[in-house]
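*Asks:* Okay, here's the structure, questions in a sec.
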Amino acid sequence: MDKNILEFQRRFNKKPKYKVVVPSRVNLIGEHSDYFDMLVCPMAIEKVAMVSYLKPRRDNKIRIYTKNLPDEEKPMYELTLMDDRKSDQWIQYVQGAMAMFAEEYTRRALKGFDILIDSSIPIGAGLSSSTALTMTSLAALGLSNKFPNGSVSYTTKRAIKLINQKGDSELSHKIMSKLCMMGCWAEYWYGTRGGAMDHFATTVSKKGNATLLDNINFSYKYVPMPEEISIIICDTGIRHNQLYSEFDNRKKDAFRGFKKLRQFFPRMKSVRNISYDRLKQNKDKLTDVEYRRLKHPITEKIRLKKFVTALKDKNFKKAGKMLNETMLSLQKDYEVSCSELNLMHKIANKQKGCFGSRITGGGFGGAIIALVDRKFIDNFIINVKTEYDNNIKIKKAGISSKVWEAESGDGLHIEKL
């Protein structure tokens, strides 16, 4: 028997009814683009996931046991759907999910659940550990109360089938889109102001593919990943905190610039409507910071289209070039890099078989991704980790890297036990 099922029984004195798997994700290109209504191209990472076991309750109590918290934080947490905001940051993601789910059930009393969480997603590495917790919480609430889609509530059996089948069916898209948007607003409740990319990537992704997501209408299509290449995650060991990072200030800078430009071009509905030529022609209307903050997502839109076409054509040198250009933009224009990320990028790019690399996730720490010829994966992983970990500054800081291959996997999966 699964050791986590036994652990669940020991902690809660009952057997779990469902197993929920929410993977981590990596964004191939389109970084800091989703909240500007741009296209993004993420994929779920197989075997790096938040795996949870739960059983619905008849009351409004939620009991959570997590195996992945630091020693100073209590692993068992108990709360109700009526509690005020807690001080522990991680539990606020759960509360955000509760708040958004409650809005769909204004005339009904929500029921809680008991849940055990076991995650292999590194916290703060830019691989969406926070989103995985949010989507796990929404799935648990759905299994305990029925999954909503506006005025429609699906039976549990029907909802599980629609979520697990992925693909492009209208009903499957509706229920997953609803969950993803609830997840996005749940993190707004928490205090971050990102877009919906992470929620879609960890929910709708399909094995063997990346997902090209349009953040205006949230339509998506699958982009097959070529067998000749691999995506390698290079985790610097530096951790970021979304709530206290400069992430939100970057967004504010860009939207302040957009507001100025909109005075001259009132028909522009979003940053996506600004061409690079128009931005350059109106540079004098913006501060240098506002110009650079807008330049990143606008030029990233161009790079994304070239990258997706290059993957389709198996032009890996061009695809890698787009990644390197994105890295430069994240360093110079959006300014979300740090010395450790810059070092990892430099080390990765000089390895044989590496076509290009860049920051993935919010930045200010975390990881880079590298596009690598599959024939050179083993040497790439060994060489990058060795050189990074033996750097004088890295050794002095007492940190170390993790470097591994990210295989494309399915999004949210629910199993009845």
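*Asks:* Are there any pairs with C-beta distances below 6 angstrom linking a residue in the stretch 279-301 that is of a type in the set (Phe, Trp, Tyr) to a residue that is part of a helix (DSSP H, G or I), with the two at least 6 apart or on different chains, and if so which?
*Replies:* These pairs meet every condition: 291/283.
*Asks:* Let me ask another. Quick check, is residue 370 part of a helix (DSSP H, G or I) and buried (at least 24 other Cβ atoms within 10 Å of the Cβ)?
*Replies:* no
*Asks:* Counting just the residues of the stretch 183-222 that are surrounded by 24 or more Cβ atoms within 10 Å (Cβ to Cβ) and of a type in the set (D, E, K, R), which one comes out modelled with the highest pLDDT?
*Replies:* The qualifying residue modelled with the highest pLDDT is 198.
*Asks:* Let me ask something else. Report, by residue number, each residue of the stretch 47-96 that is outside any strand (DSSP E or B), in contact (Cβ under 8 Å) with a residue 12 or more places away in the chain and closer than 20 Å to residue 185 by Cβ.
*Replies:* 81, 82, 83, 89, 90, 91, 92, 93, 94, 95, 96 - these are the residues of the stretch 47-96 that are outside any strand (DSSP E or B), in contact (Cβ under 8 Å) with a residue 12 or more places away in the chain and closer than 20 Å to residue 185 by Cβ.
*Asks:* Follow-up question, since we're still on this one. Which condition number does residue 210 fail, the rest of (1) of a type outside the set (Val, Ile, Thr); (2) closer than 23 Å to residue 100 by Cα; (3) touching a Phe, Trp or Tyr at 6+ places or on another chain (Cβ under 9 Å) being met?
*Replies:* Among (1) of a type outside the set (Val, Ile, Thr); (2) closer than 23 Å to residue 100 by Cα; (3) touching a Phe, Trp or Tyr at 6+ places or on another chain (Cβ under 9 Å), residue 210 violates only (2).
*Asks:* Now for a different question. Taking the condition among the basic types (Lys, Arg) and within 25 Å of residue 227 (Cβ to Cβ), does residue 301 pass?
*Replies:* So residue 301 does not fit the description; no.
*Asks:* Still on this model: Spot the failing condition for residue 3; the list is (1) basic (Lys, Arg); (2) modelled with pLDDT of 90 or more; (3) surrounded by fewer than 20 Cβ atoms within 10 Å (Cβ to Cβ); (4) within 30 Å of residue 330 (Cβ to Cβ), and only one is missed.
*Replies:* It fails just one condition, (4).
*Asks:* Quick check: anything in the stretch 193-205 hydrophobic (A, V, I, L, M, F, W, C) and without any contact (Cβ under 8 Å) to a residue 60 or more places away in the chain?
*Replies:* There is no residue in the stretch 193-205 that is hydrophobic (A, V, I, L, M, F, W, C) and without any contact (Cβ under 8 Å) to a residue 60 or more places away in the chain.
*Asks:* With the requirement that a residue be surrounded by fewer than 19 Cβ atoms within 10 Å (Cβ to Cβ) and over 15 Å from residue 224 (Cα atoms), what does the stretch 306-323 give you?
*Replies:* Of everything in the stretch 306-323, those that are surrounded by fewer than 19 Cβ atoms within 10 Å (Cβ to Cβ) and over 15 Å from residue 224 (Cα atoms) turn out to be 306, 317, 318, 321.
*Asks:* To continue, here is another question. Please state which one of 377, 392, 382, 399 is surrounded by fewer than 20 Cβ atoms within 10 Å (Cβ to Cβ), assigned by TED's automatic domain parsing to the domain that holds residue 236 and modelled with pLDDT under 95.
*Replies:* 399
*Asks:* With respect to residue 40, is the statement that it is in the same structural domain as residue 135 (by TED's automatic domain parsing), buried (at least 16 other Cβ atoms within 10 Å of the Cβ) and modelled with pLDDT under 95 true?
*Replies:* Values: in the same structural domain as residue 135 (by TED's automatic domain parsing): yes; buried (at least 16 other Cβ atoms within 10 Å of the Cβ): yes; modelled with pLDDT under 95: no.
Answer is no for this residue.
*Asks:* Let me confirm something: among 172, 137, 128, 153, which residue is among the hydroxyl-bearing types (Ser, Thr, Tyr), within 23 Å of the chain's Cα centre (by Cα), at pLDDT below 85 and assigned by TED's automatic domain parsing to the domain that holds residue 192?
*Replies:* Numbers: 172 fails: at pLDDT below 85; 137 fails: at pLDDT below 85; 153 fails: within 23 Å of the chain's Cα centre (by Cα).
Being among the hydroxyl-bearing types (Ser, Thr, Tyr), within 23 Å of the chain's Cα centre (by Cα), at pLDDT below 85 and assigned by TED's automatic domain parsing to the domain that holds residue 192 holds for just one of 172, 137, 128, 153, which is 128.
*Asks:* Take the residues of the stretch 6-37 that are assigned to a helix (DSSP H, G or I) and of a type in the set (Asp, Glu): which is modelled with the highest pLDDT?
*Replies:* 7
*Asks:* To continue, here is another question. In the set 355, 264, which member is touching a residue at least 12 places away in the same chain (Cβ under 8 Å) and surrounded by fewer than 18 Cβ atoms within 10 Å (Cβ to Cβ)?
*Replies:* Details: 355 fails: surrounded by fewer than 18 Cβ atoms within 10 Å (Cβ to Cβ).
Answer to the check: 264.
*Asks:* Listed residues 303, 278, 267; which is in a loop (DSSP other than H, G, I, E, B) and more than 20 Å from residue 252 (Cα to Cα)?
*Replies:* Being in a loop (DSSP other than H, G, I, E, B) and more than 20 Å from residue 252 (Cα to Cα) holds for just one of 303, 278, 267, which is 267.
The values are calculated or read from the model by the stated rules, or taken from the named source; none is laboratory data. Since the model is a prediction, treat every value here as computed from it, not as a measurement. FYI the Cβ positions are ideal-geometry reconstructions off the backbone, even for glycines, and counts take in every protein chain you see.
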